[in-house]
Amino acid sequence: MSKAFIAAVLQDSIGCTGVKAGQAANDLIEAIIVELRDNGGFTLPSFGTFTKKTAKGGQRMNPRTGEKVMIEEYSTVRFKASPVLKKLMAGYEKGKSPASSRAVKVVEVSRKPARQTQKTIAVAPEPVVDKPARGRKKTVAQPVVEKVQVVATPRKKPGPKPGSKRIAKPKAE
């Protein structure tokens, strides 16, 4: 999850601008940080609990050099998922749809459009029947079958990077 994802969810749910949604996401994250710093914990119901933990200092080994280094005590954040979140995730893993009392809105991250393939579609509408005028016979116009062809966009092949040795430089005359 990222700030951009939170901003997109807020923008879709309350219908505000992207700037306002980004500002709301920043304010939400700042409020969580302040709450963790001041009270040592923060709980989101039906999601989980963030708690502030103090990690012990001591002697550690630098894996690159093998040298022993002294580390001071430092604070870190731990997360414990709520039972509701655990049940929802177990349902997703088993291929079941989650049974929840609240509707969950899924926001898809925009991706590149899928490459289209060549298709031929035959459209056959109903025959058109004209109402006869006085003294004329009933006429039936047979529909015209149209073939619609969707052609795939050509794929761009990556070329050499600018400044590469493979690019031929123009010769001075």
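Close Cβ contacts (under 7 Å, 6 or more residues apart or on different chains) running from residues in the range 80-97 that are surrounded by 10 or more Cβ atoms within 10 Å (Cβ to Cβ) and acidic (Asp, Glu) to residues that are part of a helix (DSSP H, G or I) and at pLDDT 80 or above are absent.
Of the residues contained in the range 13-25, one or more are found to be in a helix (DSSP H, G or I) and basic (Lys, Arg).
Restricting attention to the range 13-28, the residues that are under 24 Å from Ser82 (Cβ atoms) and surrounded by 12 or more Cβ atoms within 10 Å (Cβ to Cβ) total 3.
Of the listed requirements (1) at pLDDT below 90; (2) part of a loop (DSSP other than H, G, I, E, B), Ile121 misses just one: (2). Among the residues of the range 31-74, those that are in a loop (DSSP other than H, G, I, E, B), touching a residue at least 12 places away in the same chain (Cβ under 8 Å) and surrounded by fewer than 11 Cβ atoms within 10 Å (Cβ to Cβ) comprise Pro45, Lys56, Glu72, Glu73. In the range 1-17 there is at least one residue matching the filter, namely being basic (Lys, Arg) and modelled with pLDDT under 90.
The values are calculated or read from the model by the stated rules, or taken from the named source; none is laboratory data. Here the structure is a predicted model, which is why all the values come from computation and not from measurement. Note: ideal-geometry Cβ built from the backbone for every residue, glycine included; neighbour counts use all protein chains shown.
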